[in-house]
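Before any comments, here is the structure.
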Amino acid sequence: MEKKILEIKNLTKTYGELTALNSFSLSLEKGEILGLLGPNGAGKTTMISILSGIVKDFSGTVTFKNENLFSNRELKNYMGIVPQDMAFYEDLNAMENLMFWGGLYNLPNSTLKKRAAQLLELVELGTRAKEPIKNFSGGMKRRLNIAIGLIHNPELLLLDEPTVGIDVQAKVNILDIIKNVGEQGTAVIFTTHQLAEVEQICSRIVIMDKGTLLAQGTMDELIRIVGGKEMVDVEGEFSANHFSEIIKNQNHQGIEILSVSDNLANLAFDNTDLIPSMMEQLFKNQIVVSDLKIKSPNLEAVFLKLTGRSLRD
Amino acid sequence: MRKIWHIGITDLKLIVKDKMFFFWSLLFPMIFIYIFGSLFTAGRTDTKSALMVLNKDKGQWGAYLIEKIDAPGIELKKVDAIPKDYIRFVIIPENFSQNIEAFKSQSITLMQKSDSNLKAGRMAETKIMQSIIKLITEMIIKGEKDIKTFFDKKPEFRSMVEIKTRFPDKTITKIPSGFDHTIPGILVQFIMIMVLVSGGIIVMEDRKRGILSRVLFSSASYLELLGGKFFGRLLMGLLQSLILIIVGMIMFHLNLGNFLYSFLNILIFSACMACLSIFIGSVLNSEEVIVGVAILTGNIFAALGGSWWPMEVVPDTFKIVGMISPSYWAMKTFHQVIFFKEGFSEILINFVVLSVFFLVFMFLAVRYFKIRD
């Protein structure tokens, strides 16, 4: 049985001079949860918008269930989308919203009602089904947004930053829901710039920046990119240029500058034994270090290594 | 088609769920209907025709005339002098009997207060006319008691005098009340305001919230989405009409003339407004601006188009200016159907002009319909 459900090849989209997506290729299997990680402007939303048919005039191909996604409208019956916006009617209650969105997929009314009730339970809104959505918290609205994307039981679910603007507990709930959806066999593409979220639920991670795919793989595969190095963050009173100069002039073997800005430097060390000699050089050059953190290799380090900047930049 | 229905019905549901819906669609128009309806209905409510008679004649024919006028429905009161306070009175001149027997022309004066009840006035006028005809007939048969006996005895006269009565063309056979003008007028005004405000705001909010994009992500097509939005607004116009027509019929005995023609008129006008609301919801970006534009447009078109007062009473310049408003053509149709009982061939031109408005607004709606900002 064919496991591959989606294949994107050489997707390119430009807005005038700006290249939002640059020859982006990707494939996805059934039940896989793929985290699309990148900072704002990386091209994540552009890619979701192309897949959802909102953005046109691009080059490249998208094959879904072995067919060109854009040549057969019926394929949309097998895809669900959860946009970043709370795109539903606040004047209708949760059940009415699910009935409206489900009604667009030609589902029989009885099936739809049953499915809506199941989903409301899944997203823990079963007891609030008939309440006005205006009274819902941000987290509840996000959960309803996901339920709407799942109303027609899609084989592929696209989630565009589904945890934006909600508290920690609500995030945990939403990540559990996504994990649950993946476990039931639905392939999921999940965009975010939150490292912890992809670490927690994604079976595969794609790192992208400025419209380009930089790396992809499982968590372990990606961490291997930074090798067995230790990550060290240095905070203090220094300028980026001055700090870089000191490290380079001392010709420290085994210290790599991942990124440096005024008052903050991210370094990769082959061995933490090199830290005291680096500190000595900094003191000699009258640099005051206020904080120094040693971290295990993580996705942030991978991202820094690949892009030279932090996800939060 | 199912998706068009589904999208349209949901939009209608959104309107009806609004707590202010019944205020804007029923109570607020009712205030307009009451005010304008009362303005165009005679101030007095004398439904029985009060009629005072001053008979200056001393002969038999003046008294005979009064005897014939006095009938059920006429509240007749004989007076000896011209009254100071009256609703309507009639004066039979001196030597009336003597003069008509000599075949001299005679004038009978009927005076009515301008604010008297129109219907009661017509009844009195009709009764006076009937009495004059009876008097003339009586004079012709000269005491033969009834006209049949007269013709039996003098058959040569049968072919000489033939009396036929009929209503001239376009005679108003059922006297319309002020409400028969006001209710269609306010209906046209509120179809416009209701559809533009509610329909426009929903299109604008759907665009801003990403709902339109999300609908297109389903298997619904662009045409189904646009068709659904149009259908929802058409239903809003029809619902607004239904509410006012039912209330108008129950409370004010609204007379819509030929129901089919009136319904067609409402349907085409609502279709025009449905397209216009999609257009303004696509090009305007805030609720306040949409409400402002819709109310301003609705009220200006209502005034220009004859929703508040009959176009017959406005100067010619305003009649010409009014033609730029679809309300004018809808109101013209209502007037022709309700007041003059005109047929399809006479109102067809109004439907053609309204259809041109529809096509223009549809072009604007399709051209400017935006899925997202």
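The values are calculated or read from the model by the stated rules, or taken from the named source; none is laboratory data. All of these numbers come straight from a predicted model, not from anything done at the bench. Cβ: placed from backbone, ideal geometry, glycine included. Neighbour counts: every protein chain shown.
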Would you check if residue A:309 is surrounded by 15 or more Cβ atoms within 10 Å (Cβ to Cβ) and either at pLDDT 85 or above or in the same structural domain as residue A:8 (by TED's automatic domain parsing) (or both)? no
What number goes with the only condition from (1) touching a Leu at 6+ places or on another chain (Cβ under 8 Å); (2) assigned to a loop (DSSP other than H, G, I, E, B); (3) within 13 Å of chain B (Cβ to nearest Cβ) that residue A:99 does not pass? (2)
Test of understanding: among A:144, A:222, A:159, which residue is assigned to a strand (DSSP E or B), of a type outside the set (Ser, Thr, Tyr) and surrounded by 19 or more Cβ atoms within 10 Å (Cβ to Cβ)? A:159
Can you tell me which residue among B:318, B:334, B:339 is over 25 Å from residue B:280 (Cα atoms), crowded, with 23+ Cβ neighbours inside 10 Å and not β-branched (Val, Ile, Thr)? B:334
Of the conditions (1) more than 27 Å from residue B:331 (Cα to Cα); (2) surrounded by 24 or more Cβ atoms within 10 Å (Cβ to Cβ), the single one that residue B:180 does not satisfy is (1)
Are any of the residues in the stretch A:107-116 part of a loop (DSSP other than H, G, I, E, B) and closer than 27 Å to residue B:203 by Cβ? yes
For the stretch A:273-284, check the following and say yes or no: at least one residue is touching a residue at least 12 places away in the same chain (Cβ under 8 Å) and in a loop (DSSP other than H, G, I, E, B). no
Of A:31, A:43, A:38, the only residue that is touching an Asp or Glu at 6+ places or on another chain (Cβ under 6 Å), more than 14 Å from every other protein chain (Cβ to nearest Cβ) and under 22 Å from residue A:203 (Cα atoms) is A:38
Mind checking which residues of the stretch A:69-95 are more than 27 Å from the chain's Cα centre (by Cα), in a helix (DSSP H, G or I) and more than 8 Å from chain B (Cβ to nearest Cβ)? A:95
Looking at the stretch A:7-33 only, could you name the residues that are within 25 Å of residue A:185 (Cβ to Cβ) and either of a type in the set (Val, Ile, Thr) or crowded, with 23+ Cβ neighbours inside 10 Å (or both)? A:8, A:33
Please go through (1) on the phi > 0 side of the Ramachandran plot; (2) crowded, with 17+ Cβ neighbours inside 10 Å for residue B:49 and return the number of the only condition it doesn't satisfy. (1)
In the stretch B:205-306, which helices (runs of 4 or more DSSP H) lie fully inside it and hold 2 or more residues that are away from every other protein chain (no Cβ under 14 Å)? B:222-252, B:259-283, B:287-305
Per-region count, the stretch A:182-194, residues buried (at least 19 other Cβ atoms within 10 Å of the Cβ) and in a helix (DSSP H, G or I): 1
